[in-house]
Amino acid sequence: MEASPVLFVHGFASSAEHNWRQPGWLDLLAEAGRETVAVDLLGHGRAPRPVAPADYGSVESRVAAEIAGYDLVDAVGFSAGAHVLLRLAAQDHVLAVTLHHIIRPTPDGDTLYADLGGAYDRLHPRDRARFGTMKTIAQVPSVAHPLVRKHPVTGRTILYVNLEPTARIVDEEGKEHPDLVPFLREHLNRGCYRHKWHAGDLVVVDNFAAAHCATLANPKALRVLHRTTVPGPRVWWQEAIREASRRAPSRS
């Protein structure tokens, strides 16, 4: 089986040339027989530099265009580049995630894992019925996923929720419910598993059945983790707000 290409995405205020080519990473992979794709993010390196702030609303689209011809890539991101890769992965086929801690970590920086099936089971029947028609919008404004869904393998009903700082919960008419974000965050926190990292730890997470988040860590401490994602079925609903507006009664 031929090895997948390796995608490199640089950090903020840098470029593919500065982060990857000059230090020798691209040559090292080429010597090992690996194809590489080094992308300049919008406004960096040799990429276009638009002046309108709105043009930078989806910087990951440029990365997606660069790898459109590949079924699968291994991805490496530095700083802001890692954030772009996570945004890109969140829109696509992520079935499972592995985190491998390479060096001896500091005592802080634990990772919390929440059982999404158990979280749904603990809901009051009234809330189960209410949440069944709602969606979560996070990261990309035009993309949403159902708040309640079936696990694609086990068939178990899960509370499929993303509670990042910009997350929004909307009903079937597109109306936001900001009061539900703190409620769901507290609900998920009950019964969380807290993993304290040790050198060599390998954690495999079912991306449908569990939600995870990091706790605060010493920003000056060196932490090296390898993250791998496993392809799976697409779960995101495109253009959710537009669909909701089409279903809503007209005011004209």
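The values are calculated or read from the model by the stated rules, or taken from the named source; none is laboratory data. For clarity, every value in this text was computed on a predicted model and none was experimentally measured. Here the Cβ is made from the backbone with ideal geometry for all residues, glycine too, and neighbour counts use every protein chain on show.
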So, of the residues in region 205-235 that are surrounded by 14 or more Cβ atoms within 10 Å (Cβ to Cβ) and not in a strand (DSSP E or B), which turns out to be modelled with the lowest pLDDT? 235
Does residue 149 satisfy the condition of being in the same structural domain as residue 117 (by TED's automatic domain parsing), without any contact (Cβ under 8 Å) to a residue 60 or more places away in the chain, charged (D, E, K, R) and surrounded by 15 or more Cβ atoms within 10 Å (Cβ to Cβ)? no
Scanning region 149-174 residue by residue, those acidic (Asp, Glu) and more than 20 Å from residue 207 (Cα to Cα) turn out to be 171, 172, 173
Being at pLDDT 80 or above, surrounded by fewer than 18 Cβ atoms within 10 Å (Cβ to Cβ), in contact with a His (Cβ under 9 Å, 6 or more places away or on another chain) and not assigned by TED's automatic domain parsing to the domain that holds residue 74 is the requirement here; does residue 157 meet it? yes
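Here are 17, 31, 2: which of them is of a type in the set (Asp, Glu), out of contact with any His (no Cβ under 8 Å at 6 or more places or on another chain), surrounded by 14 or more Cβ atoms within 10 Å (Cβ to Cβ) and at negative phi?
Numbers: 31 fails: surrounded by 14 or more Cβ atoms within 10 Å (Cβ to Cβ); 2 fails: surrounded by 14 or more Cβ atoms within 10 Å (Cβ to Cβ).
Being of a type in the set (Asp, Glu), out of contact with any His (no Cβ under 8 Å at 6 or more places or on another chain), surrounded by 14 or more Cβ atoms within 10 Å (Cβ to Cβ) and at negative phi holds for just one of 17, 31, 2, which is 17.
In region 1-96, which helices (runs of 4 or more DSSP H) lie fully inside it and hold 1 or more residues that are closer than 20 Å to residue 227 by Cα and small (Gly, Ala, Ser)?
Those helices (runs of 4 or more DSSP H) span 60-66, 80-90.
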Determine if region 127-141 includes at least one residue that is more than 23 Å from residue 216 (Cα to Cα), modelled with pLDDT under 90, among the hydrophobic types (A, V, I, L, M, F, W, C) and not in a loop (DSSP other than H, G, I, E, B). yes
For region 188-204, how many residues meet the condition of being in contact with a helix residue (DSSP H, G or I) (Cβ under 9 Å, 6 or more places away or on another chain) and at pLDDT below 85? 1
Residue check, residue 118 in the same structural domain as residue 151 (by TED's automatic domain parsing), outside any strand (DSSP E or B) and either under 19 Å from the mean Cα position of the chain (by Cα) or at pLDDT 80 or above (or both): yes
Number of positions in region 52-82 that are over 18 Å from residue 12 (Cβ atoms) and of a type in the set (Val, Ile, Thr): 2
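Yes or no, residue by residue, for (1) of a type in the set (Gly, Ala, Ser); (2) in the same structural domain as residue 228 (by TED's automatic domain parsing); (3) surrounded by 14 or more Cβ atoms within 10 Å (Cβ to Cβ):
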| residue | (1), (2), (3) |
| --- | --- |
| 13 | yes, yes, no |
| 36 | no, yes, yes |
| 42 | no, yes, yes |
| 59 | no, yes, yes |
| 67 | no, yes, yes |
| 79 | yes, yes, yes |
